[in-house]
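Comments concern the structure below.
The values are calculated or read from the model by the stated rules, or taken from the named source; none is laboratory data. For clarity, every value in this text was computed on a predicted model and none was experimentally measured. So basically every Cβ, Gly included, is an ideal-geometry build from the backbone, and we count neighbours across all protein chains shown.
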Amino acid sequence: MKDLNWVDNENVMQVFSPDQKYQVVFSHFHEIRMGVYECLFNLLDNNEKIIDRFEPLTAISSNDCCWAENSACFSLAVRVEENYGYLFIHLPSLEFAFIKIFNPYPLDISFDSDNFIITYNDEQVKAANTNKLFGGGSNTLPYKKYIKPNDLVFKLSDLQFFKRDKMKNLNSIIESYKEYKHELNDGGFNEFKGVFPQDTITGYNGRSFEVYQLEAFAEYGDKVSKLWLDEIKNKTFGTYNKWNKVSDYISFRKRQDYENKS
């Protein structure tokens, strides 16, 4: 059974079919990490009668639910144990199909005739390309530009549908399915016009100089940063914590002492 003792037992969200004969209802929202919710979902008819509770599945976001124009199918993002993907329900039979995808959170979905389309959300693309910091200010580290990938397009007629009673075996059914990774394309670094690390103490963005910052400079191509990062890798056999201070691993170093070595 689904756990009904979740955080938000009051808010309910509905997504109606185009013909208004059905509605997918989301409830019992639970924040699994900051700003990321899972919830229960049920299919109801237009008289508020529950057709299916889809236990024990949970939806990851009510925003990731859409209906085909003819109201014969809907899809939504769900978690199946450790897997994520899009569940398709055909009506009125309740037969189901599934597309496994690595991370549906930044994605949008839609139906277009016999096609199901997965699109990287434009606001997420914009957020990935900003140099603005959460809470204010600008990023003073090298940062990359990311390019929106082409849409993934699936023909509904190519999906394999199963009878509703097979849903209890969904995890084993999808075990061998291809997992799609619809991610932003790496467009390389933007030109860095700031100050490269002058020592292993002075950090960026109001923080101490931490290894993740050093990694950014090393990947950008700063030779001194590469040398310092190699020191850390050799000392820790590659098992360092990127959130630790650089000086925790290689104490105090000055850039000018390494200029000739680079």
So is Lys163 modelled with pLDDT of 95 or more, among the basic types (Lys, Arg) and either under 30 Å from Tyr84 (Cβ atoms) or surrounded by 14 or more Cβ atoms within 10 Å (Cβ to Cβ) (or both) or not?
-> yes
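Just checking, which of Lys155, Lys145, Lys132 is more than 18 Å from Val78 (Cα to Cα), surrounded by 12 or more Cβ atoms within 10 Å (Cβ to Cβ) and basic (Lys, Arg)? Break it down into steps so the answer makes sense when it comes.
Working: Lys155 fails: surrounded by 12 or more Cβ atoms within 10 Å (Cβ to Cβ); Lys132 fails: surrounded by 12 or more Cβ atoms within 10 Å (Cβ to Cβ).
When all the criteria are applied, what remains is Lys145.
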Where a residue in the range 143-155 is within 16 Å of Phe102 (Cα to Cα) and its partner, wherever it lies, is of a type in the set (D, E, K, R) and in a loop (DSSP other than H, G, I, E, B), with Cβ under 7 Å and at least six apart = Pro149/Glu183
Residue in the range 232-245 that is out of contact with any helix residue (DSSP H, G or I) (no Cβ under 7 Å at 6 or more places or on another chain) and under 21 Å from Thr140 (Cβ atoms) present = yes
Exactly one condition in (1) of a type in the set (S, T, N, Q); (2) assigned by TED's automatic domain parsing to the domain that holds Pro149; (3) assigned to a helix (DSSP H, G or I) is not met by Gln213; state its number.
-> (2)
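Got at least one residue in the range 188-204 being within 15 Å of Ser247 (Cβ to Cβ), modelled with pLDDT of 95 or more, not in a loop (DSSP other than H, G, I, E, B) and not β-branched (Val, Ile, Thr)?
Step one: list which residues in the range 188-204 are within 15 Å of Ser247 (Cβ to Cβ), which gives 197-204.
If we keep only those that are modelled with pLDDT of 95 or more too, we end up with 197-204.
Among the residues that remain, those that are also not in a loop (DSSP other than H, G, I, E, B) are: 199.
Next, from what is left, pick out any that are not β-branched (Val, Ile, Thr): 199.
Within the range 188-204, one or more residues are within 15 Å of Ser247 (Cβ to Cβ), modelled with pLDDT of 95 or more, not in a loop (DSSP other than H, G, I, E, B) and not β-branched (Val, Ile, Thr).
With surrounded by fewer than 17 Cβ atoms within 10 Å (Cβ to Cβ) and farther than 27 Å from Asn169 by Cβ as the only criterion, which of Glu81, Glu69 stands out? Spell out the reasoning first.
Numbers: Glu81 fails: farther than 27 Å from Asn169 by Cβ.
Answer to the selection: Glu69.
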Name every residue in the range 112-156 that is among the hydroxyl-bearing types (Ser, Thr, Tyr) and either at pLDDT 95 or above or not assigned by TED's automatic domain parsing to the domain that holds Ala72 (or both), in order of residue number.
-> Thr119, Tyr120, Thr140, Tyr143, Tyr146
